[in-house]
Each structure stands twice: as structure tokens, then as C-alpha cells.
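Working notes, beginning with the structure itself.
Read the figures in this text as sums done on the coordinates, not as results from a lab. Just so it is clear, the structure is predicted and the values come from calculations on it, not from any experiment. Neighbour counts are summed over all protein chains in view; Cβ atoms, including those assigned to glycine, are modelled from backbone coordinates with ideal geometry.
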Amino acid sequence: MTETEHRERLAQFGQILYARGLAPGSSGNLSVRLEDRWLLTPTNSCLGRIDPARIAALDWRGARLSGDPPSKESFLHLAVYQERPSAHAVVHLHSTCAVAVSCLLDVDPADVLPALTPYYVMRVGSLPLVPYYRPGDRALADAVRLLMRHHSAVLLANHGPVVAGSSLETAVYAAEEIEETARLHLLLRGSKVRYLTEEQIAELREVQPRS
Ligand SMILES: [Zn+2]
């Protein structure tokens with residue numbers, strides 16, 4: 001795929017996430033890894049109306065090579081690419097239900113969402129919570145780095161999910177799966193729930209390796 005095609009796909013998936021209500025206002029940012037550079041949606045931009053030509057190109061130190069100034073959360077994306085050689089795209093959202101779960105006190109920080117459906121287990125698996133840091137605090141990147149070594153997705157406390165994928169499509173679908181599972185989890189709070197068993201989860205992990 002050419003850089004122009006990657007730019008167009010970033011804009012298309014931005015539109016999809018915006019249309020589905022997963023990127024309110026100017027929140028959320030998407031990136032893809034190319035050979036010698038990476039592309040990131042601009043700062044203060046609405047994901048629903050990204051101009052492909054103005055998407056920022058960055059080097060591997062995070063310096064801008066071309067395009068509009070990148071999202072201020074670029075350091076999160078860079079940390080993921082440095083920790084996960086298999087990551088070719090990163091999606092970060094402030095999607096409502098995932099953020100709601102990230103604010104709950106009674107979650108397991110090692111894995112904040114229960115195994116409700118096989119699709120969640122196959123596309124996400126586990127979702128650890130990254131402790132809260134002030135926006136822009138570089139300690140947040142270090143905390144993300146630590147957890148993303150072993151997880152393809154994390155949830156930032158009182159903030160939102162960061163999801164890596166082998167492609168932009170994979171990362172977007174996993175981010176949507178997190179949002180929908182968070183919604184189910186909130187809907188089911190207070191109900192008696194049949195969660196998937198350890199055996200059922202193990203069986204799914206055998207058939208569908210995650211990125
Ligand atoms: Zn954010």
C-alpha cells in the first residue's frame with residue numbers, strides 16, 4: 001500500500017469511528033507505521049473530517065517531517081510502536097463506555113473487562129488498566145510501554161483505550177469491540193451474569209492468535 005493509500009484509509013476509518021459516536025469532538029487519534037516513518041492524525045482535528053494530505057508524518061524520534069502538527073498524544077503511539085514490533089497501527093479513543101469503565105473503582109486493574117463474548121476474547125483478550133497521569137505527562141508513556149509489552153490493548157484510567165493492531169482495520173475493530181464490551185458490562189452491572197469459563201477462553205485463544 002502506498003503512503004497516499006494509508007492516508008486515505010486513516011481518513012476513512014476516522015470517519016467511521018466518528019459516525020459511530022466513538023470520537024466525540026476533537027477526541028481520538030489514529031496512526032499507522034510505514035517503513036521509515038509513521039503517520040498520525042493532526043492535533044485538534046475532528047476524526048470525522050480528516051484531510052488525508054494534512055495528516056502528520058513523523059520520524060522514529062517523534063519529530064514532524066510533514067503535515068499538520070500531530071496529536072499531542074503522539075508519545076503514546078510512539079511508545080506502542082517501540083514496544084511492539086508487530087504493531088502496524090494504533091487507535092486511541094475517548095469512547096464513552098470504555099471511559100466510563102476506566103472511571104470505576106471496583107475493577108481488576110490486571111483485566112478491567114470480563115470475558116462476556118467469544119469475539120471480545122478473540123479480538124482483545126485482556127485489558128489492563130494504566131494508572132491515571134495528567135495529560136501530557138511522559139510518565140504515562142512509560143506506564144503504557146510497560147503494559148503494552150505483553151498486551152495489544154490497555155485502558156488509561158479516567159481517559160480511554162489505546163489499541164495496537166497488525167493493521168489499521170484490526171486495531172479499529174478491536175477498539176470497537178472494547179467499546180461494545182464496556183457497554184455490555186455496564187448494562188449487566190447488578191445482574192447475575194454467565195461469563196465464559198477458563199476452558200472456553202483457553203479454547204478461543206488456541207484458535208485465534210491475537211496481533
Ligand atoms: Zn486521549
Checklist outcome for this item: Given the candidates P131, P52, C97, the one whose Cα lies deepest towards the positive end of the charge dipole of segment 17-157, counting +1 at each Lys or Arg C-beta and -1 at each Asp or Glu C-beta, is P52
Item to check | Amide N of segment 65-101 lying under 18 Å from the label point, which is placed 7 angstrom from the Cα of R134 along Cα→Cβ | outcome: 72-76
Item to check | With eigenvalues of the C-alpha gyration tensor scaled by 5 and rooted, segment 129-182, Å | outcome: 20, 13, 9
Item to check | Equivalent ellipsoid dimensions for the chain as semi-axes, Å, which come from the Cα gyration tensor, largest first | outcome: 28, 17, 16
Item to check | Segment C103-L186, extension gain: residue separation times 0.36 nm, minus the distance between their alpha carbons | outcome: 28.7 nm
Checklist outcome for this item: Rounded to the nearest 10 degrees, the helix 74-83 long axis (Cα) sits at an angle to the longest Cα principal axis of the chain of 70 degrees
Item to check | Contact order normalised by residue count of the chain, Cα under 8 Å, 6+ apart, percent | outcome: 21 percent
Checklist outcome for this item: Across E180, E73, E35, the residue with the highest GNM fluctuation in the chain (Cα network, 10 Å cutoff) is E35
Item to check | Check: segment 51-95 dipole with +1 on Lys, Arg Cβ and -1 on Asp, Glu Cβ, in debye | outcome: 60 debye
Checklist entry - Which angle between 0 and 90 degrees, to the nearest 10, do you get for helix 198-207 versus the longest principal axis of the chain when only C-alpha atoms count? => result 40 degrees
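Please state, as a whole number in µm²/s, the translational diffusion coefficient that the Stokes-Einstein equation yields for segment 89-211 at 20 °C and 1.002 mPa s, with Rh defined as the Kirkwood radius across alpha carbon pairs.
Working: Rh = 14.6 Å.
Once the numbers are plugged in, D ends up at 147 µm²/s.
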Next on the checklist: For the chain, set up a GNM with springs between Cα atoms under 10 Å and report which of D36, D137, D108 has the largest fluctuation.
Outcome noted: D36
